[in-house]
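Single-structure report; data block below.
Nothing in this text is a laboratory measurement; each read-out follows from the coordinates by a stated rule. Because the structure is a prediction, the values reported are computed rather than measured.
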Amino acid sequence: MARPALARPASSFLYGTCRVIALLAATATISLVATSAASAAGRSDSLILLAQNSNTGGATGGAGGNTSQSGSEGGTNAGTGATMSPAENTSTKSTKSLSAASKTYVQKAAMTDLFEITSSKLALKQSKNAEIKKFAQQMVTDHGKSTAKLKSLIRQDKLNLKAPMKLDQEHEKLLKQLEAAKGDDFDKLYAKIQTEGHEDALKLHQTYAENGDQPDLKNFASEVSKVVEMHLSHITDINKSLHS
């Protein structure tokens, strides 16, 4: 009977040991599952954060690319707007072409003014006649004004020509004749040249005022012809008085 009594404690001990081992195994399993879940959760969070960062970076890069492209396009467009092409620059500086008649009128009118001013300045130095000197001063003043007016029209209307800066051969020859004359001979020659010159000038201006094809030049010719007519009347009287 003693042996069965001993078997029960051994069986009880074995049973208890198995329970402990089962509890430890369960605990280990639960711990392992928890660790795996936490690790998986950590990887999931990392993947989500990485995806978010990737999206943010992509969006930022896209925005930067768009901004760069926009800036580039804006800069290009701005540069295009600020810089005129050679064709445009040429068009803003384009000049008006004139008919042969208009060119001839302008050249002759300007040359007449230049000679009147140059010869009259010489008269102011060489003549002793009060009437000659008075007339000469009027020539310098009036023809100086008409020259300025003509040059202004050339600039304003962008006419494709320039007023002469020096006397042509014909008028240079007349000036040399005046330079060689002295005293009364100078006064008579000056009056003669001025009379003939104003007769030609009056015809020139009146003709263009009536038949010219450039409106501003026609108005100019009409205005100047009135002044030239007064000059002609004045110098004709002086010329007569010098030969009386």
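I'd like the Kirkwood hydrodynamic radius of the stretch 99-242, using the inverse of the mean 1/r over distinct C-alpha pairs, in Å. Provide the component values of the computation, followed by the final result.
Details: mean 1/r = 0.0647 Å⁻¹.
Radius from the Kirkwood sum: 15.5 Å.
Translational diffusion coefficient of the stretch 147-190 at 20 °C, 1.002 mPa s, Stokes-Einstein with Kirkwood Rh over Cα pairs, in µm²/s as a whole number.
Numbers: Rh = 12.9 Å.
Answer from the Stokes-Einstein relation: 167 µm²/s.
For Leu159, enumerate residues with amide H under 5 Å from its amide H, sequence gap 5+ or separate chain, H modeled in the peptide plane.
Amide H neighbours of Leu159, under 5 Å, 5+ apart: Lys96.
Of the listed pairs Lys108/Lys145; Lys125/Lys203; Lys121/Lys218, which have alpha-carbon separations greater than 20 Å here?
Working: Lys108/Lys145 16 Å; Lys125/Lys203 30 Å; Lys121/Lys218 29 Å.
Pairs exceeding the cut-off: Lys125/Lys203; Lys121/Lys218.
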